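The values are calculated or read from the model by the stated rules, or taken from the named source; none is laboratory data. Bear in mind that the values here come from a model prediction, so they are computed numbers and not experimental data. Please note: Cβ atoms are built from the backbone with ideal geometry, for glycine as well, and neighbour counts cover all protein chains shown. Just so you know, the surface numbers come from the protein's heavy atoms only, side chains and all, with ligands and any DNA or RNA stripped out. Shrake-Rupley method; radii C 1.70, N 1.55, O 1.52, S 1.80 Å.
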Amino acid sequence: MTRLWLVRHGPTHAKTMVGWSDLPADLSDHAAIARLNAYLPADAPVLSSDLSRAVATADALAPRPRLPHDPDWRELNFGAWELRRWNEIEDQAAARAFWDDPGDTCPPGGESWNRLTARVQSAINRLSSLPEVIVVAHFGPIVATLQLAEGLSPSAAFAHRIDPLSVTCIDFGPVATVRAINQRP
């Protein structure tokens, strides 16, 4: 069994779709970082997506052993929709299809929800030899992990709220067990 402590990176304050753009995290809430550090297991290794908002949040969880950054924990690639607001997307029918029935639909030049879920599954598989690990990631990969653990549809997975600096804890073994979702220590 592997226990994943999934931490969403600190807030970016962006009001647009932020996927692979490398926006920084606001880590100025030192009290929230301290509570997060106290809540997480002290000896568990930490890994993060390779985007700076996740890396900086993982750095704030020191002193813990660090594993190499893993790009499979990156946020969904929004392609041509990156850093745009919903109402700025020219093809509103495609945008509605993407959000209303996530799966194989993808933004132009981006990736589908099913592709994101497949890369997250690969990342989870690579961690199966560890008893527990803290993963600092993004909304999409955390929700994809919940989808995989609970056998949810993509739409049902999207219904979960995952706040910045929250913790979602899932045990993966012969059967996946969700321990906590969106905990704010």
task = Considering every residue within the stretch 67-84, establish whether at least one is polar (S, T, N, Q) and closer than 15 Å to Trp5 by Cα.
result = no
message = I'd like to verify a number: residues in the stretch 96-118 that are more than 21 Å from Arg161 (Cβ to Cβ), modelled with pLDDT of 95 or more and open to solvent by less than 10 Å² (accessible area, probe 1.4 Å), how many?
response = 0
request  = Among residues belonging to the stretch 42-67 that are free of Cβ contacts under 8 Å to residues at least 12 places away in the same chain and part of a loop (DSSP other than H, G, I, E, B), point out the one that is least open to solvent (accessible area, probe 1.4 Å).
outcome  = Ala62
query = Mind checking which pairs have a first residue in the stretch 117-144 that is within 12 Å of Pro71 (Cβ to Cβ) and part of a loop (DSSP other than H, G, I, E, B) and a second that is polar (S, T, N, Q) and open to solvent by less than 10 Å² (accessible area, probe 1.4 Å), Cβ under 9 Å, 6 or more apart or different chains?
reply = His138/Ser49
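Only one of Ala180, Ala157 is part of a helix (DSSP H, G or I) and of a type outside the set (S, T, N, Q). Can you tell me which? Talk me through it step by step, then tell me what you get.
On the way: Ala180 fails: part of a helix (DSSP H, G or I).
After ruling out the rest, the residue left standing is Ala157.
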request  = Could you look through the stretch 9-41, keep only residues that are touching a Ser or Thr at 6+ places or on another chain (Cβ under 8 Å) and of a type in the set (D, E, K, R), and pick out the one that is most open to solvent (accessible area, probe 1.4 Å)?
outcome  = Asp22
query = Gly140: modelled with pLDDT of 95 or more and open to solvent by less than 20 Å² (accessible area, probe 1.4 Å), yes or no?
reply = yes
